[in-house]
């Protein structure tokens, strides 16, 4: 059984300005006591970058959710209007089974996962910053 600390391949791949970049989350969140000052200086810009990625991912997720909902509504109305004897439940089932809706739903779910992951990484980065400040304060007290 592996411990979380032994996992060193926690990489996040994102597109930024048209390029695919890979971020090693384990490395980014690690703390080296001898480099605390460097970590503290780099932390705000790194955090801002991660928050920018998170905000873009949330925007994409929200856009795809609206698209998915719009497609569902159009399909539901199509099925309901094509046969007025269909129940609402049956129209819903038909819309949910449609390839166009399933494709939109898959895109939305992937975007939602990406946004959730970036939200979690930003929260971890916030916790890391608190730890860095505490360590820095402790080191200054020792001097």
* Any chance the range 114-123 includes a residue that's surrounded by fewer than 12 Cβ atoms within 10 Å (Cβ to Cβ) and free of Cβ contacts under 8 Å to residues at least 12 places away in the same chain? -> yes
* Check whether at least one residue in the range 105-119 is part of a helix (DSSP H, G or I) and more than 14 Å from the chain's Cα centre (by Cα), and report yes or no. => yes
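Being part of a helix (DSSP H, G or I) and free of Cβ contacts under 8 Å to residues at least 40 places away in the same chain is the filter here; which residues of the range 7-42 pass it?
26, 27, 34, 35, 38, 41, 42
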* Inspect all residues belonging to the range 84-95 and state whether any of them is assigned to a helix (DSSP H, G or I) and under 30 Å from residue 11 (Cα atoms). => no
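From the list 53, 109, pick out the single residue that is within 23 Å of residue 11 (Cβ to Cβ) and touching a strand residue (DSSP E or B) at 6+ places or on another chain (Cβ under 6 Å).
53
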* **Failed item in (1) assigned to a helix (DSSP H, G or I); (2) surrounded by fewer than 14 Cβ atoms within 10 Å (Cβ to Cβ); (3) modelled with pLDDT under 95, with residue 100 passing the rest** => (3)
* To do: Might you check whether a residue that is crowded, with 17+ Cβ neighbours inside 10 Å, over 27 Å from the mean Cα position of the chain (by Cα), at pLDDT 95 or above and more than 30 Å from residue 34 (Cα to Cα) occurs anywhere in the range 58-77?
  => yes
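The values are calculated or read from the model by the stated rules, or taken from the named source; none is laboratory data. Predicted model only: the values in this text are computed from it and were never measured. Virtual Cβ from ideal backbone geometry, glycine too; neighbours counted across all protein chains shown.
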